[in-house]
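In what follows, a single structure is set out as structure tokens and then discussed.
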Amino acid sequence: MAKGSVRKKGKKWYYRFYVEDASGNLVQKEYAGTESKSETEKLLRQAMDDYESKKFIAKSENITVGELLDIWAEEELKTGTLSNGTVQNYLGAITNIKKHPISERKLKNVTSEHLQAFFDLLSFGGTYPDGSERKGYSKDYIRSFSAVLQQSFRFAVSPKQYITFNPMQYIKLKYQTDEVDLFSDDDMDGDIQPIPREDYERLIEFLQDYNPPAILPIQIAYYAGLRIGEACGLAWQDVNLEEQCLTIRRSIRYDGSRHKNIIGPTKRKKVRIVDFGDTLAEILRNARKEQLKNRMQYGELYHKNYYREVKDKNRVYYEFYHLDGTENVPEDYKEISFVCLRPDGSLELPSTLGIVCRKIAQKLDGFEGFHFHQLRHPYVKHTTKIFSLRLMDSQAQAYPDARRKTRGACQLHRGGQNRSSVRPLCNRKRFS
């Protein structure tokens, strides 16, 4: 019978008990309980009963691919140095792999042929074991599956010694050939087409009736080139209306494994400064006035936004919460003043914006396939004609310091560096 105990760390109780590993040695496993000792002791008894009846820590000869993925995730993935976003991506891949029959195969019986057939199905699509017909996945999605299986099988070889070799080393990833329209009039690079000015104006007009709170983050993305998580994560402390620049330091996303919205670093984990012109400056000033007005009208029902630091193993997460004035604010909550708010003060979240973008694609003529990243695309390659014209359009008029305010929407300024100026974009003819 497994031996167990509970102990308190901070406000929470934890339970632990000894189990037999693949080599026959007893090792101690610890899990988070609740803030109640009695509830945690109940969880301990349930876990020990489950261990005794099901032997979920299996002998090496009986471990399946799915069980290996769970062990690898707990012992190596979650305790490693990968970013929280990458960990979330890999955990999502594990969930999908476990839906396929290959996850039920015993580790000692899995061959390279089994794995190659699995990846070919991912790449080219076809009939899945449940009888459904599906298309192939994108290259990036397939690479995440490959990374998960490569690392977990390597982990099974060493240090676990469940198997003697890694069958993933013989796998060749195959991708569908990209189709190219040789007779298209489109001269833009890539598949993402930025929306022209007239379509942007139609989009804003549509949202004024359909979903007004989505307008501000879309305007910020259109004029400053922010990603969806960056626009939602922008706080007023990051906005300098005098210098007309934004400091992009954080992003917000939904963590499916934690079922929380998480505030984290930007995609490249770098703080950057983004300049903007008079048009966006006026939009932000008006938004600030509107929010102060809403705060007065809603009174104690107006929401404030908070984040809370949570430590899980050697990782730190910042969970997002919002509470109105009638609710008690926990001591470990820290307030943050976001820019993109709904009328009641709660944050306009990326998940909500994603739903809005899908509705736009369905309801607005000419916006079939629309997604938020199209607003940002001209700023990714800052030499494009559309990027340059949009910067000029955002200025509203010529002014003496035009060089400072048009020097690049996504230029990175490192600490201690002077901001270098570039040639002002003030002659439309050079792009015609």
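Of the residues making up the stretch 76-115, those that are over 21 Å from residue 140 (Cα atoms) and open to solvent by 70 Å² or more (accessible area, probe 1.4 Å) are 76, 104, 105, 106, 108, 109, 113.
One line per residue, one yes/no per condition, for (1) modelled with pLDDT under 90; (2) over 14 Å from residue 376 (Cα atoms); (3) open to solvent by 10 Å² or more (accessible area, probe 1.4 Å); (4) assigned to a loop (DSSP other than H, G, I, E, B):
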site	(1), (2), (3), (4)
162	yes, yes, yes, yes
165	yes, yes, yes, yes
168	no, yes, no, no
203	no, yes, no, no
214	no, yes, no, no
229	no, no, no, no
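Given the condition among the β-branched types (Val, Ile, Thr), open to solvent by less than 60 Å² (accessible area, probe 1.4 Å) and at pLDDT 95 or above, answer yes or no: does some residue in the stretch 372-392 qualify? Checked the stretch 372-392: no residue is among the β-branched types (Val, Ile, Thr), open to solvent by less than 60 Å² (accessible area, probe 1.4 Å) and at pLDDT 95 or above. Among the residues of the stretch 116-145 satisfying the criterion of being at pLDDT 90 or above and under 27 Å from residue 259 (Cβ atoms), which is most open to solvent (accessible area, probe 1.4 Å)? Filtering the stretch 116-145 for residues that are at pLDDT 90 or above and under 27 Å from residue 259 (Cβ atoms), the one most open to solvent (accessible area, probe 1.4 Å) comes out as 143. Of everything in the stretch 288-317 that's modelled with pLDDT of 95 or more and in contact with a Lys or Arg (Cβ under 7 Å, 6 or more places away or on another chain), which residue is most open to solvent (accessible area, probe 1.4 Å)? Applying the filter and picking the extreme gives 307. Please tell me if residue 306 is more than 26 Å from residue 373 (Cα to Cα), free of Cβ contacts under 8 Å to residues at least 40 places away in the same chain and among the aromatic types (Phe, Trp, Tyr). Answer is yes for this residue. Scanning the stretch 251-277 for residues being surrounded by 15 or more Cβ atoms within 10 Å (Cβ to Cβ) and either out of contact with any strand residue (DSSP E or B) (no Cβ under 8 Å at 6 or more places or on another chain) or not hydroxyl-bearing (Ser, Thr, Tyr) (or both) gives a total of 17. Within the stretch 318-345, the set of residues being of a type in the set (Val, Ile, Thr) and either open to solvent by 50 Å² or more (accessible area, probe 1.4 Å) or in a helix (DSSP H, G or I) (or both) comprises 326, 329. Hey, does the stretch 68-78 have a residue that's under 29 Å from residue 316 (Cα atoms) and not in a helix (DSSP H, G or I)? So far as the stretch 68-78 goes, yes, one or more of its residues are under 29 Å from residue 316 (Cα atoms) and not in a helix (DSSP H, G or I). Set side by side, the residues 252, 204, 248, 273 differ, and just one is among the β-branched types (Val, Ile, Thr) and closer than 16 Å to residue 356 by Cα, which is 204.
The values are calculated or read from the model by the stated rules, or taken from the named source; none is laboratory data. Worth saying up front: this structure is predicted, and the values here are computed from it rather than measured. Backbone-built Cβ (ideal geometry, glycine too); neighbour counts: all protein chains shown. Side chains included, ligands, DNA and RNA excluded: accessible areas come from the protein's heavy atoms. Shrake-Rupley method; radii C 1.70, N 1.55, O 1.52, S 1.80 Å.
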